[in-house]
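A quick write-up on the structure given underneath.
Please treat every number below as a calculation from the coordinates, not as lab data. Please read these numbers as outputs of a predicted model, since none were measured by experiment. Here Cβ is always computed from backbone atoms with ideal geometry, including for glycine, and neighbour counts include all displayed protein chains.
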Amino acid sequence: MTALTERGLEFSQLLVEVFRVNGLLLAAGDRLARPAELTSARWQVLGVVDHEPATAAQVARIMGLTRQSVQQTANALAKDRMIEFLDNPRDRRARLIALTDRGRTALRQVELRQAAWANQVADRLSVADLRAATGTLHDLGDLLAVPPPRN
């Protein structure tokens, strides 16, 4: 068994902290989205297709999720009339997810609540610390996007 180096241990501790913060962010997202009858997952899908209609696979790639979980969320959003499925001229089998007026209204409600919340949380941190954390997470994401070498 390989022992952790000092860097390996620090990286492992960072991962634990990222998982913890991810859970807290999802819970906060659910609280912010609840008044608009959304969840964090539904909010994420609406946020992606706000810019332009996209397939479930495209949304999944952008969000780092599985296509199946996005499709399940999209089906629930369609049932609640927050999105609609449009024919895709590029692929008849992969329909496009598009916002409805109801979905756009709900998304804007959450965005207003999120802006106030983000400002409140960010006021307790320095811009330099926020930029450093963002840069580190971005670099980590780039490193993890490259598959590890095979042994």
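Quick check: anything in segment 44-52 farther than 21 Å from Gly141 by Cβ and part of a helix (DSSP H, G or I)? So far as segment 44-52 goes, yes, one or more of its residues are farther than 21 Å from Gly141 by Cβ and part of a helix (DSSP H, G or I). One residue stands out among those in segment 96-128 that are surrounded by 10 or more Cβ atoms within 10 Å (Cβ to Cβ) and charged (D, E, K, R): the one that is farthest from Ala54 (Cα to Cα), which is Arg113.
Looking across segment 22-39, just one residue is aliphatic (A, V, I, L, M) and in a loop (DSSP other than H, G, I, E, B), and that is Leu38.
The sole residue among Ala27, Ala41 that is surrounded by 14 or more Cβ atoms within 10 Å (Cβ to Cβ) and either of a type in the set (A, V, I, L, M) or over 25 Å from Gly103 (Cα atoms) (or both) is Ala41.
Residue pairs whose Cβ atoms lie under 6 Å apart, separated by 6 or more positions or on different chains, with the first residue in segment 14-39 and without any contact (Cβ under 8 Å) to a residue 24 or more places away in the chain and the second assigned to a helix (DSSP H, G or I) and among the aliphatic types (A, V, I, L, M), are Thr39/Ala33.
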